[in-house]
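The values are calculated or read from the model by the stated rules, or taken from the named source; none is laboratory data. These figures come from a predicted structure and were not determined experimentally. Cβ coordinates were reconstructed from backbone atoms using ideal geometry, including for glycine residues, and neighbour counts include every protein chain displayed. We work out accessible area using only protein heavy atoms, side chains counted, and drop any ligands, DNA or RNA first. Shrake-Rupley method; radii C 1.70, N 1.55, O 1.52, S 1.80 Å.
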Amino acid sequence: GNCIFGLQGLSCTEGDTADAVFGTAIEVTDAGIATVEDVQMTAVSSDMTIAGSPADDDYTFFLYRDAADGSDTFTGDARVLGIKLFYTTDAANDA
């Protein structure tokens, strides 16, 4: 079956509420492979914008599975082992 994963970004600093509006969702569909426990990678998502005001030492939340989506037909557990981030900066001295 297919598994629907999505990215939405929200940056929070200590004391912020995590019950806040995330940025616009970007979803990818990944077709399950037949072998249980095999590592699988999705396609690269399109660009996304992180909600909040990202700053040094903030936590940024990204990932979810949309199992309620009618196109998510994967019946087993899906574990996210990690994500690869590509990001741009707006100044030569951004870290």
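Tabulated results
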read-out	value
Separation in nanometres of the label points that stand 7 Å from Cα toward Cβ, at LYS84 and TYR64	2.6
Accessible surface, the chain, averaged per residue in Å² (probe 1.4 Å)	78
Convex hull of the chain built on C-alpha atoms - directionally averaged projected area, nm²	7.5
Spin-label pair ASP30/THR42, simplified geometry with 7 Å Cα→Cβ offset, distance in nm	0.7
Cleavage-rule hits (chymotrypsin sites (Phe, Trp or Tyr not before Pro)) in segment 57-91: DSSP loop, at most 13 neighbouring Cβ within 10 angstrom	PHE86, TYR87
Residue (of PHE74, GLY23, THR35) at the positive-pole extreme of the chain, dipole from beta-carbon charges	THR35
GluC sites (Glu not before Pro) restricted to segment 1-87 and DSSP loop, no more than 16 other C-beta within 10 Å	GLU14, GLU37
